[in-house]
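Reviewing the structure listed below.
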């Protein structure tokens, strides 16, 4: 099994060969990427010095157009790895990283550092799910409390 990890759901596209029926996964041409980590670091440093899309939108630009180009103007780093161990650990060090892990047979652990990824939304959703489960638990154990 292969794992494809990206910051957006439309980064990877599946192309089907009409004659063989074989599927190939590729990066959508709208997303620029490099396999060179040094080039990706330079692009991130350069992008950090530019005007953020929100500031450009506040200055009178069309917000939809700004948001549409914000994802495609970046240079993403494509990292391709092959799982060779019983437990393969991979760290996604920054948010502008595309990851492909090939031949996953046993366990794969993805490390997403909170300093590089916005995980707050996931934590809030998890909290609501826990609260919901707790309410259901109380309902069945102590229906008189509700």
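The values are calculated or read from the model by the stated rules, or taken from the named source; none is laboratory data. Bear in mind that the values here come from a model prediction, so they are computed numbers and not experimental data. Neighbour counts are summed over all protein chains in view; Cβ atoms, including those assigned to glycine, are modelled from backbone coordinates with ideal geometry.
Some notes on this structure:
- Considering residues of the stretch 56-83 that are at pLDDT 85 or above and out of contact with any helix residue (DSSP H, G or I) (no Cβ under 9 Å at 6 or more places or on another chain) only, the residue farthest from residue 45 (Cα to Cα): 83
- Residue 44 vs. criteria at pLDDT 70 or above, surrounded by 11 or more Cβ atoms within 10 Å (Cβ to Cβ) and under 16 Å from the mean Cα position of the chain (by Cα): no
- Filter result for residue 86 (crowded, with 17+ Cβ neighbours inside 10 Å and modelled with pLDDT of 85 or more): no
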